[in-house]
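Data block below; observations after.
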Amino acid sequence: MSDQFLFGIEVVINGLMAGVLYALVALGFVLIYKASGIFNYAQGVMALFAAMTLVGVMNGQVPFAHLINSILGTDVHHFGWHIPAVIAILMTMAVMILLAWAVQQLVMRHLVNQEPIILFMATIGLAYFLEGFSDLMWGSEIKKLDVGLPQGGSFWIEEMTAGLGGEGFYGFFIDRLDIVATVIAILLVVALMLFSNYTKEGRALRAVADDHQAALSVGVSLNFIWVLVWSVAGFVALVAGIMWGTKSGVQFSLSLIALKALPVLMLGGFTSIPGAIVGGLIIGVGEKLFEFLLGPALGGATENWFAYVLALVFLVFRPQGLFGDKIIERV
Amino acid sequence: MFYREAGDFSTTYPEDSQTFPIKFDRYRYYVVLAFAFLVVPFIINDYWANAILLPFLIYAIAAIGLNILTGYCGQVSLGTGGFMAVGAYSCYKFMTAFPDLSMFINVLLAGVVTAAVGVLFGLPSLRIKGFYLAVATLAAQFFLVWLFNRVPWFYNYSASGQINAPERTVLGVAVTGPNTSAWAAYLFCLVFCVASAIVARNLTRGSIGRKWMAIRDMDIAAEIIGVNPMKAKLTAFAISSFFVGISGALFFALYLGAVEVGEAFSIQKSFLILFMVIIGGLGSIFGSFAGAAFLVVLPVAMKIVGADMLGMPTDIVAHLQLVVVGALIIVFLILEPHGIAQLWRLAKEKLRLWPFPH
């Protein structure tokens, strides 16, 4: 096997891993869209907020410290304790559930029956709000997140595969964090599938997704379901936030992964959970391969737009995405 | 008492179908125009021009453009920033390629180029609808910004990758470059802004505007009653992009003077213009102005109140600004989904009966 070919394979594998991370964010979108028809732009900022809260709780930061100091003239910054990762994650989850409840009570409840574009705009407003709010609460500097996930290249894989190529090939370089992320993503999808198929709440959730009014008429509480959906989306955001935060630090750019998740959604279809996974993998592999093969000729950094153009071209031939429900229009 | 239509009789059809059929509205409009053209240029200074008036006029043009596409034709676009970049860069290319050309023509040509690019990216709208289209327009945003960053021809191989507006004149008066006086830049933008508003207003109440609205309300039904969806959607994309391109050219040449594409025309700009349209009111020309004014004045006002009067650190003010803008958008959507334009309409209805509502 030639070295170039092996590098190609390495690119594909790393693309798959990146795709899993995209899919993690896309999952949150799909969950909310299916259950309430809301295209939740704030999903990426929710991941940022979750990661920031997690770091803040773990390090015992005082929330709103900067604001308090500037108004009262005090100098508080840390409580001076460190909380183990597991407990901190649980506390963050509680915060995310609280956020879900607040969003439902303060925003979405008042926008029932509005056009989808209005709901979409509301979530953009929510994204702005949350972004400013989390900066106010925890400060805007880049933070390191370490919940004990393994990181760095896997030497074992590198040594095992080093023999495949010739002189210039040192084995596949694969980040252990990516492997963990893949495993977690698979677990998450399986758990979500089990939840929506075998629990009472999960069935209610699917019923609401099918038909709001029919679900209401058999006694499903819409309010409860929507809080539930936003909480689950918050949970997915937390997982995505932990993964991306461990990988590249907790910072503003984390919220931009939401934009990366959009082409994934388009490719897979807004309404399909498997679609989000497959779409994520296609985008991940596609953009890495494109950059590898044609990037140098085009001037590099093609990753910025490749996913969108791929999705655009794809949609022209299949407007509802790979796995989306067929769009039926009636007058 | 102040707002009456009694005694206001139209005797001819043109009189009845003019933009402001009520005398009071018409006179108010003339007064505002006269004030903007005859009074403001004499009292304007650099701070007012750069902090409020220029961005207001330029964003208003962009908002009118996006309002045609999203508010009248129902095609949500998140690529406005990218199209503004097309306007800016084509204006720059015209400015440097033909140094003797009037700036007026440069800007119009930039609009034409942007219209062509807009039609190109509007083609998928024939197949893709709704949110899928909104996300598809992101392709335009990211691809165009990348293109202007990576292809040196667009920025004339300058070392910094920036484009700088050289001095160009209209009727012998400099409107771009460092020697521009505030009133010249202001008047230049104002002419474009007023012209855009008049053109847009007349397009949207004519047959083409009715076709757009038919497509917006239900495209299949519109197709059945004989509206050609391809023609309607593509004209909407073309005309909308034309205005957006003009605004991009003005934004670069008159307001900023030097532009780095990733910063000036990022995705944030697309959202900003979309917010203006939503807060101002979808499907309303007046709403485009109201939304632009609101979102231009808000950060300035917050900075004055927060940083200068209350003495808060600037980073906190910046964060608070995000919180306030986000919250305001949500509050607006909850209280009045049709934006400031609808509030204005309601106020007029109230005034018509005031002070004897029964």
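A compact table of results
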item	result
Number of the condition not met by residue B:131 [criteria: (1) closer than 30 Å to residue A:121 by Cα; (2) within 23 Å of the chain's Cα centre (by Cα); (3) at pLDDT 85 or above; (4) aromatic (Phe, Trp, Tyr)]	(3)
Residue, farthest from residue B:116 (Cα to Cα), within the range B:206-227, restricted to residues that are of a type outside the set (A, V, I, L, M, F, W, C) and touching a residue at least 12 places away in the same chain (Cβ under 8 Å)	B:217
Residue list for the range A:312-331, restricted to those being closer than 19 Å to residue A:272 by Cβ and modelled with pLDDT under 75	A:319, A:320, A:321, A:322, A:323, A:324, A:325, A:326, A:327, A:328
Close pairs (8 angstrom Cβ cut-off, 6 or more residues apart or separate chains): among the aromatic types (Phe, Trp, Tyr) in the range A:246-268, at pLDDT below 75 anywhere	A:252/A:140
Some residue of the range B:140-149 being modelled with pLDDT of 80 or more, over 30 Å from residue A:320 (Cβ atoms) and within 14 Å of chain A (Cβ to nearest Cβ)	yes
For residue B:301: the one exception among (1) surrounded by 15 or more Cβ atoms within 10 Å (Cβ to Cβ); (2) among the small types (Gly, Ala, Ser); (3) free of Cβ contacts under 8 Å to residues at least 60 places away in the same chain	(1)
Tally, over the range B:210-225, of residues that are surrounded by fewer than 20 Cβ atoms within 10 Å (Cβ to Cβ) and more than 14 Å from chain A (Cβ to nearest Cβ)	2
Search result, residues across the range B:72-86 that are farther than 11 Å from residue B:267 by Cβ and more than 13 Å from the chain's Cα centre (by Cα)	B:72, B:73, B:74, B:75, B:76, B:77, B:85, B:86
Scope the range A:34-44; condition within 17 Å of residue A:101 (Cα to Cα) and either modelled with pLDDT of 85 or more or part of a helix (DSSP H, G or I) (or both); matching residues	A:35, A:36, A:42, A:43
Spans of helices (runs of 4 or more DSSP H) in the range B:198-274 with at least 3 residues out of contact with any strand residue (DSSP E or B) (no Cβ under 9 Å at 6 or more places or on another chain) and hydroxyl-bearing (Ser, Thr, Tyr)	B:229-250
2 or more residues facing chain B (nearest Cβ under 9 Å), under 19 Å from residue A:229 (Cα atoms) and modelled with pLDDT of 75 or more: qualifying helices (runs of 4 or more DSSP H) within the range A:65-138	A:116-138
Scope the range B:150-192; condition within 14 Å of chain A (Cβ to nearest Cβ), more than 16 Å from residue B:98 (Cα to Cα) and touching a Phe, Trp or Tyr at 6+ places or on another chain (Cβ under 8 Å); matching residues	B:161
From the options B:341, B:347, residue that is touching a residue at least 60 places away in the same chain (Cβ under 8 Å) and within 30 Å of residue B:22 (Cα to Cα)	B:341
Options A:17, A:58; residue that is over 30 Å from residue A:120 (Cα atoms), hydrophobic (A, V, I, L, M, F, W, C), in a helix (DSSP H, G or I) and in contact with a helix residue (DSSP H, G or I) (Cβ under 6 Å, 6 or more places away or on another chain)	A:58
Residue in the range B:277-287 that is of a type in the set (Gly, Ala, Ser), under 28 Å from residue B:73 (Cα atoms), part of a loop (DSSP other than H, G, I, E, B) and within 14 Å of another protein chain (Cβ to nearest Cβ) present	yes
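The values are calculated or read from the model by the stated rules, or taken from the named source; none is laboratory data. Predicted, not measured: the structure shown is a model, and the values here were computed from it. All Cβ positions, glycine included, derive from the backbone under ideal geometry; neighbour counts span all protein chains shown.
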